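Every read-out reported here was derived from the displayed coordinates using simple, explicitly stated rules and does not represent laboratory data. Computed from a predicted model, the values in this text were never measured in an experiment. With ideal geometry, Cβ positions are generated from the backbone for all residues, glycine too; neighbour counts draw on all protein chains shown.
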Amino acid sequence: MKIFSKVLSWIFLPLLTPVYAVAIAMYVESWEADFYQGESLFSLDPRAKEFFMYLFTSFSFLAPALTVLFLQTRGSVSSVMMEKRTERIVPSIMVVLFGISLLTILLFKVPEFLPGARFIFGLSLGSLISVIVCTILTFRWKVSLHATGMGILTGFLYMYYSKMLIFPLWILILAFIASGIVMSARMYLKLHTLTQLVVGFAIGFTGLVLGIKFFFAYY
């Protein structure tokens, strides 16, 4: 059980969940009622999909991961999982900076009329909001970043599929189930309390809801 919990922790690294979210939306079939498919990421041109995958993989995962590895070689963090609260502050700040960079590039490079653009912007903004809140809390309290990541993934899929007429409901259900399993694994490893997990998930889920609602209301 301990090995299984650790494997889950690696598969669902918080840095990977935005990448999973955009990949699922773009490559798993989903259609909206509108003939023009103005919000369907599945209908995007393959080149646009590759562009988004490149951006999210680079700024949400690779850049932060390399930063953590660099800090580990310098002895600033004891492990890439950053189990100590104080070790998370600098990496979290760097993730915020990478998130701002990603959102800036998207807003300047992606036309607003591109199918699903508001969901892409919302995913970036919602993730950024979640990381900022977690970073602030980290100065005083250890919130679960894994739970936040699962909240980001589930919140995005919930908001995205709410706009689709045809979509795989089982994926959304699986996302909620996976969130519960990952959170249980983190608690089994005695790395977080139930409160830290619930708060983390709520931050990620709420951040995504607010991020997407913002672009649908004002963009």
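Below are the figures for this structure:
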read-out	value
Partners for residue 213 among lysines (Cα-Cα distance below 30 Å; same-chain residues under 8 apart left out)	49, 109, 142, 163
Full-stretch length increase - residue 158, residue 2 - with 0.36 nm per residue and alpha-carbon distance subtracted	53.1 nm
Helix axis angle, 2-11 relative to the chain longest principal axis, alpha carbon, degrees	40 degrees
Spatial separation of Cα centroids for the stretch 1-31 and the stretch 147-219, in angstrom	11 Å
Angle in degrees between helix 63-73 and the longest Cα principal axis of the chain, rounded to the nearest 10	10 degrees
Protection-proxy order for peptides 169-175, 14-20, 90-96, 193-199, each taking the mean of Cβ atoms within 10 Å per residue, highest first	14-20, 90-96, 193-199, 169-175
DSSP loop GluC sites (Glu not before Pro) with at most 16 other Cβ within 10 Å: longest gap in the chain	113-219
Potential lengthening between residue 36 and residue 104 on full extension [0.36 nm per residue; Cα-Cα distance subtracted]	21.8 nm
Helix 117-138 axis, angle to the chain major axis (alpha carbon atoms, nearest 10°)	20 degrees
Inter-label distance for residue 76 and residue 11, nm, one decimal - labels placed 7 Å from Cα along Cα-to-Cβ	3.2 nm
Percent RCO, i.e. relative contact order, over the stretch 145-219, from Cα pairs under 8 Å lying at least 6 residues apart	57 percent
Trypsin sites (Lys or Arg not before Pro) restricted to DSSP loop in the stretch 97-140 with at most 13 other C-beta within 10 Å	140
Whether the stretch 100-189 is rounded, prolate or oblate, judged on the alpha carbon gyration tensor where a/c under 1.5 counts as rounded	oblate
